[in-house]
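Quick note: the coordinates plus some simple rules give every number you see, no bench work behind them. Just so it is clear, the model here is predicted, and its values are computed rather than measured. Here Cβ is always computed from backbone atoms with ideal geometry, including for glycine, and neighbour counts include all displayed protein chains.
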Amino acid sequence: MTPYDYALIANEAYSADPDIGEEDTASRAIVRTTPDGLCIAFPGTNNLASWIADLDAVMIPVDGIGHVHEGFWNAWLAISAKVLDTIGDQPVTLVGHSLGAAIAITAAAMMTAAGKPPIAVYGFEPPRVSSDTSVQTLLAGVPMWLCKNGNDLVPDVPWGCYHAGALRDIGKPLLPIPNVQDHMMTRVIQALAQ
């Protein structure tokens with residue numbers, strides 16, 4: 001499976017009925033079986049509850065993980081038991097776009113702290129998840145593929161916070177200034193298809 005393949009699954013998470021969670025919440029995911037094993041994909045912001053989670057940017061301490069974005073953490077916690085039960089002892093890849101990428105990273109942090117890290121995380125246009133480097137340090141041994149398309153603004157927020165790993169620049173900017181047009185999943189897929 002390539003980043004392009006995982007981007008298609010991340011995009012599908014927006015339109016498919018959730019296998020876990022409810023459609024009108026920020027806490028939902030689809031479950032897919034791929035040639036590389038189980039994949040859990042979290043959709044990004046596309047409803048009011050997701051916007052509320054995005055804007056709840058207070059950094060809270062979480063034992064064993066560090067300081068994390070409260071909205072992302074709470075969105076993950078609401079479905080964590082069901083996701084972890086679905087995964088069981090299977091190897092899993094966590095995938096998401098935007099808010100979904102942040103939830104995938106937060107899930108990876110919890111799983112890694114519990115001694116059961118995912119086999120990989122693919123985060124497309126992730127916002128920053130932590131006010132310190134604790135999540136980055138915790139996930140240093142987990143293969144992370146995080147990307148920023150063009151001049152997308154979302155991976156640059158919240159300001160003063162940190163990503164869980166290095167960002168890869170992909171695609172050509174639509175505009176010469178930071179924007180949200182480059183954030184669209186269709187543009188990410190186009191960039192990865194080249």
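Each of (1) 297; (2) 101; (3) 118 is a candidate for volume of the Cα convex hull per residue in Å³; the one calculated from this structure is (2). Separation of the range 17-47 and the range 51-113, taken as the distance between their Cα centroids, equals 13 angstrom. Taken about its Cα centre, the chain carries a charge dipole of about 420 debye when Lys and Arg each add +1 at the Cβ and Asp and Glu each add -1 at the Cβ.
Listing Leu99, Leu174, Leu167 from fewest to most neighbouring C-beta atoms within 10 Å gives Leu174, Leu167, Leu99.
Here Lys172 is the anchor, and the lysines within straight C-alpha reach of less than 22 Å, apart from those fewer than 8 places off in the same chain, are Lys148.
Rounded to two decimals, the Cα radius of gyration of the range 88-194 over 2.2 N^0.38 Å is 1.06. Our summary gives the range 1-132 a relative contact order of 25 percent, counting only alpha carbon pairs under 8 angstrom and 6 or more residues apart.
Remark: Tyr122, Tyr4 ranked as Tyr4, Tyr122, counting other beta-carbon atoms within 10 Å and listing the fewest first. Note on the chain: antiparallel DSSP beta bridges, both residues inside, total approximately 40 percent of the bridges counted. Within the chain, the whole DSSP H helices whose Cα atoms reach 15 Å or more along their own axis and whose mean Kyte-Doolittle score is at least 0.0 are 70-87, 99-113. Note on the range 1-95: Cα-only Rg and Dmax are 13.7, 38 Å. Residues Met184, Met144, Met111, ranked from the fewest to the most other C-beta atoms within 10 Å, line up as Met184, Met111, Met144.
Across the options Thr93, Ile52, Val62, the greatest Cα extent toward the positive end of the charge dipole of the chain (unit charges at beta carbon of Lys, Arg, Asp, Glu) belongs to Thr93. Take every DSSP beta bridge whose two residues both sit in the range 100-194; close to 10 percent of them are antiparallel.
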